[in-house]
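Read-outs: derived from the displayed coordinates by stated rules, not from any lab. From a predicted model like this one, the values you see are computed outputs, not experimental measurements. As a convention, Cβ positions derive from the backbone with ideal geometry for all residues, glycine included, and neighbour counts pool all protein chains shown.
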Amino acid sequence: MKVLDAEFVKGFIQMAEDGWQKGWHERNGGNLSYRIRPEEIESVKEELVPGEWISTKTEVPLLGGEYFLITGTGRYFQNVIRKPAESFGIIELDEAGANYRICWGLENGGRPTSEIPTHLMNHEVKFRVTGGAHRVIYHCHPVNTIALTFVLPLTDEAFTREIWEMMTECPVIFPTGIGVVPWMVPGGRAIGVETSKLMEQYDAAIWAHHGMFCSGPDFDTTFGLMHTVEKAAETLVKVISMTGGKKRQTITPQDFRDLAVDFNLTLPEKFLFEKE
Ligand code: 13P
Ligand code: ZN
């Protein structure tokens, strides 16, 4: 089968297009990767032509030999649907996960996203903690979430609690909460280390003054998580804009505990603190 005819590739393209339509991907902002299933890579084998080995700038031995769909550095999400073979590619990792080679796409001198260390380290953590269930890592620049990183304390507790309060479904959709990485230089291994530490417990991690990473088992769930957090962030921006931050009423810690009972959730008590 041709790569562009495969369902998993169509899903990848559609997710990139949906993110573009949401306004989360100005210019080359954001990146997306998908850990390909063995039967999926087998189905497109005829089109794979491995190139030279290049450093991943990290090591992810648990992912040795895995194949990924991944967007290109400097390439635009806007163009994923228009120029797919230039905008993303299929890469294969060596056994140590220290090097990759491009097997399809990233045409005209393309390389995987500069955030490849963070993508691979997040994939490795999620591979371990979800028993291989998670396959998608998604990074974008959603405006309301970014705006909040100038206003809220840069702690997991503050962000999780404020975002949870904006919509009853939030703690149902991400009961473990949201992590926050303080401002760091992007594109390297150090920010990947900090982000992947958060991915041990969370499926969403915010990069202060930059954007957000989400992880999930498939394209819909991962996109849906990003959308849910960003929509709640938009609500909070409106609440703060209207009130200066003082809510007249909200969901209380006891409300969350009641929700947890009926929805069979475990909500960490560290997010259910009493406010002054
Ligand atoms: P890339 O173009 O290298 O994917 O970088 C975009 C980005 O969002 C960096 O954080
Ligand atoms: Zn970014």
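Which one of 56, 21, 96 has its Cα pushed farthest toward the positive end of the charge dipole of the stretch 1-112, where Lys and Arg give +1 and Asp and Glu give -1 at the Cβ?
Of the candidates, 21 comes out farthest on the positive side.
Roughly how tilted is helix 156-165, in degrees to the nearest 10 and between 0 and 90, from the longest Cα axis of the chain?
Value to nearest ten degrees: 70.
Two decimals is fine: what's Rg over Rh for the stretch 39-178, C-alpha atoms, Kirkwood radius as Rh?
Values: Rg = 17.8 Å, Rh = 17.1 Å.
We get a ratio of 1.04 for the stretch 39-178.
Multiply the residue separation of residue 26 and residue 47 by 0.36 nm, subtract the distance between their alpha-carbon atoms, and state the gained length in nm to one decimal. Walk me through the numbers on the way to the answer.
Values: separation 21, 0.36 × 21 = 7.56 nm, distance 3.10 nm.
Gain on stretching residue 26 to residue 47: 4.5 nm.
Whole angstrom only: what separates the Cα centroid of the stretch 1-27 from the Cα centroid of the stretch 205-276?
The two parts, judged by their Cα centres, are 27 Å apart.
If each Cα of the chain is one equal point scatterer, what is log10 of I(q)/I(0) from the Debye formula at q = 0.12, 0.13, 0.16 Å⁻¹?
-0.72, -0.83, -1.18
Determine the principal axes of the Cα atoms in the stretch 1-77, then give the extent along each, sorted from largest to smallest and rounded to whole angstroms.
Principal-axis extents of the stretch 1-77 (Cα, largest first): 34, 31, 22 Å.
With unit charges on the beta carbon (Lys/Arg positive, Asp/Glu negative), name the residue among 237, 260, 221 whose Cα is farthest towards the positive pole of the charge dipole of the stretch 212-276.
Selected residue: 237.
In degrees from 0 to 90, rounded to the nearest 10, what is the angle of the helix 7-22 Cα long axis to the longest principal axis of the chain?
Taking Cα atoms only, the helix is inclined about 50 degrees.
First measure r as the distance between the Cβ atoms of residue 151 and residue 252, then evaluate 1/(1 + (r/R0)^6) with R0 = 35 Å and state the FRET efficiency to the nearest 0.05.
Numbers: r = 22 Å, r/R0 = 0.63.
Result of the calculation: an efficiency of 0.95.
Run the reach check for residue 126 against lysines, Cα to Cα strictly under 22 Å, same-chain hits fewer than 8 apart removed. What comes back?
57, 197
Using helices alone, what [θ] at 222 nm do you get for the chain, with -39,500 (n - 2.57) per DSSP H run of 4 or more residues, divided over all residues and rounded to the nearest 500? Walk me through the numbers before you get to the answer.
Values: 10 runs with 105 residues, N = 276.
One gets -11500 deg cm²/dmol as the mean residue ellipticity at 222 nm.
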